[in-house]
Each structure stands twice: as C-alpha cells, then as structure tokens.
Amino acid sequence: MSKLRKDYETTLWYRLLCFVNGEEKPQEEPEEQVRVEEDKTIAIVPEDIWAPVEEDKRQLYDMYRHWTLGRGMKLFHRLYAVFAVFICAVIIGTLLYTVSYLPSFGDAHNPDNNEVAARYIEKGLQETGAVNIVTGMILDYRAFDTLGESHVLFVAAAAVMILLRLDKGKKGNQAQAAAEENDRIYEPKNDAILQKVAKVLVPPIIIFGIYVILNGHLSPGGGFSGGAIIGAGLILYLNAFGFAKTERFFTYKTYKRISIAALGFYALSKSYSFYTGANHLESFIPKGTPGAILSSGLILPLNICVGMVVACTMYGFYAVFRKGGM
Amino acid sequence: MFTALWNNVEATVAIILFGIGFTNLMLNRNMIKKIIGFDIMDSAIYLFLAAKGYIKGRQAPIVVNGIQDVEAYINPVPAGLVLTGIVVSVSVSALMLALTIRLYRRYHTLDIDEITMLSRKEEK
C-alpha cells in the first residue's frame, strides 16, 4: 500500500530499505540543484579566497592520513607485538602450570599406560603376526586410520597440483610455461660433484628404503618412513640429473597409476572386513612364522602400498613445487 | 612447581617449543615464517606425545625372543599417534606453501598485511 503514496520515496521506511539493500540514498536530485546554485555563487567570488582554507583542509587531511599510514601504523604494530607476546606468555604459563600437575616422566603407573597398551603388547603378536607391535597396531587394529592417512597424503598432493600445476592451454600461462620449459633445459647444471655423489648414493638410498618398507613388521620402520626415504632418493636423483632423465620412468601418468592402484588395493583389502562384520578382522592370508619376511598376513602388502603412495607423493610435491607439473 | 617441571622436563621443553612456535606465528608478518612457526608447534606436539609413551628401563615395542610381557615394553599407542600426526602435518605444510606461492604470484609480496590491503583495494 505504501508504494501508492506520492511521498513514498521520502519516507523513513524507504530510506531504511535502501540502507539495508546497500543502495544510494534516493535524494540526489534536489541536492544537486542546490549545489549548482552554490557553484554559481562561488563562481562570482575569486578562487584565491578559498585557497588558504583548502590548504588547511588538505593539511589536516594529510595529517590524519599520514597518522594512520605512518605513526599510527607503527603504534599499532608495536601494540600488536606487545599483546602477542603477552598472550603467548600467558599461554605458556598456563600450560606450564598444567604440566607441573602431570604425572612424572617415564613412570609405569601413568594413566596412559592402560589396558589398551597392555592388550596390544600381550596379544599383538598372536593376533596380527607382526613382531613390531606399532606396525601391527597401525596396519591391523587401526588399519582404517592408516587408510585415511594415505588418503590425506593423496588429497594434499591433488590439492597442491590443482593450485600449482601450469595449464599450458590457457592464454597468459604460455610465457610462464615457456620459462619453465627453458629452466628445464638448463636445469641440470652438470655439477660433477653432485652427479658423482648422486650416482653413488641414490641406489643405496632406494634399496634402503625398500628394505625399511619390507621389514616394516619386523623392525622399526614401515611404509611411511620407507616411502619418505625412497622419495628423498628420487629427489636427489632429480636434482643431479634433471627432469629429462626422471621423466623416462616417472611421469604424471606413473604417479596417477601407482597412487590409485595402491590406494584402491588398500581400500578393497581392508573394507572386506566391513562386509564380514566388524569383529571378524582375521584375514584369509596365513600369519606365517613371526619374524619371517613373508608373515603377518596383509601387513606386508599394505606396507608396500603405503610406501608407494608416500614415495610418489613426496616426489610429486617436489616436482610440482619446482616446475609446476610432473 | 619447579621440581614438578623438572620431573617432566620433556613436556616442559615441548610446551616452551609450542610457545616459541605460537609467538612466531603471531609476530611474523612473512607467510613463510608463519608456516615455519606452525611446523615448530607440530614438532612440540610430537615431542610431548612421544615422551608420554616412554617408560623408564623398558625396550621399544618390538617382540624379541618371544617375550610378551607388559613389563618389558614401552607404550606403543603414542608412537602410532605421532606417526599419524607427522603425515598430516607434512600434507598441511605442503598445502599451505602451495597457497602461499599462489598468493605471491598474484600480489608479489609475502607480507600478510600488504596482501590484505591489496586484496581490499581489489574488492573496491
């Protein structure tokens, strides 16, 4: 109904509505008329009369503006630093006060050494077949957790690739892509020391990584650490010899295939226990004698899968950060 | 209080490291340094967790000679938790660095205040 009123545009409600919608006030026209009249009156007076006032105004404005940009900014930063240190000191103090009430370090009767740890230690070898109790725990009792971890790595690699991969088809990326390509040609600087050292070191590093992965259920280590070692070896090789050589055996396609195959195998082999019931976690693969390489059922293949995913992800991170693609 | 802190010196060091990382995160305006502070905080948490699992005079949880006594081994649960944490922190660091690179390519600065100002100017 109110729209039918003639003076609707001057009502409080309409102005509030405009304010809420973020529009300009609908009172432009009458004000402009007034301004035009004012301009006429000003035009008669010589402009010099207003110059000192304008100068004063400008000075005042500059003072305020420079205060926020110069001294005000400095003051703000100093206050911010003081408050930041104060807050950090308060947090450290509170946490240290809490730590002083914690049970002492290395005591066997601490509340975290409860029946869960006891169960893992007492029954772990029989139930998982792994001599390394930590591996038995993370790849058998809590294998879903580890599956999630591998997926976190995979998703992180995918996200980094989305953010940094150069799309060569797009306009504007051409120059950058050409620069990267140029960089790749001149990248292996043929550093004699680096190449010799890499020639000697890379095979033992990769073999050691494979050893750590394959012995994950027997000794300290496993898929994550072994995969990281293999990734480090690949990165060293890449640094010494350049992308032209690594691309003979490791491209984006290889990365995709290895990651998807490993994660798919892991997910399938562990999700079968969903269908057989949550408590039925025994696998059909025999446990074997504890201490042998081929023992402990699914743990060894799962370790290999995790190791492949981690190695590919480490290398992929490096390659994407270095040249925006693999 | 200080004897209690000395009895838990690993936890104390972890808390101080955490504080250093947090201060770094708040005081530095450079994004890369902020990420380094974040990683220091991560390491402090791992130190704290790993220290919680230790028991004096016991072996690492790898069954040797068939001994399966609770009295023989330390607590294996914190080790598994630290492993999870390390993997996640690697992923998060890589993601943060990638985002920083994208910001740098767009605004040509790593200062977070300047980036905020420039992005506000762009919005106008």
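Annotation note: trypsin sites (Lys or Arg not before Pro) in the range A:202-255 located in DSSP loop regions with a Cβ neighbour count of at most 14 within 10 Å are A:Arg248. As a quick test, which of the pairs B:Lys33/B:Lys121; A:Lys196/A:Lys253; A:Lys245/A:Lys323 have an alpha carbon distance above 18 angstrom in this structure? Distance filter (> 18 Å) returns B:Lys33/B:Lys121; A:Lys196/A:Lys253. Inter-chain neighbour count for B:19-29: the average number of beta-carbon atoms from partner chains within 10 Å of each residue's beta-carbon is 4. Solvent-accessible area lost on pairing B with A (1.4 Å probe, both sides summed) amounts to about 4900 Å². Distance between the pseudo-spin-label points of A:Val20 and A:Ala244 (7 Å out from Cα toward the beta carbon): 6.9 nm. Can you compute the FRET efficiency between A:Leu60 and B:Thr109 using 1/(1 + (r/R0)^6), with r the Cβ-Cβ distance and R0 = 35 Å? Round to the nearest 0.05. It comes to 0.65.
In this calculation the C-beta distance from A:Arg257 to B:Leu118 is compared with R0 = 25 Å, giving a FRET efficiency of 0.05. Report the normalised scattering of the range B:67-124 as log10 I(q)/I(0) at q = 0.20, 0.26 Å⁻¹, calculated by the Debye formula with identical scatterers on the alpha carbons. The Debye formula, applied to the Cα set alone, gives -0.81, -0.99. Enter the Cα centre distance for the pair the range A:84-116 and the range B:55-100, rounded to the nearest angstrom. Computed from Cα coordinates, the inter-centre distance equals 19 Å.
The values are calculated or read from the model by the stated rules, or taken from the named source; none is laboratory data. Not measured: the values here are computed from a predicted model. FYI the Cβ positions are ideal-geometry reconstructions off the backbone, even for glycines, and counts take in every protein chain you see. Accessible surface is based on the protein model in full, side chains and every heavy atom, while ligands, DNA and RNA are left aside. Shrake-Rupley method; radii C 1.70, N 1.55, O 1.52, S 1.80 Å.
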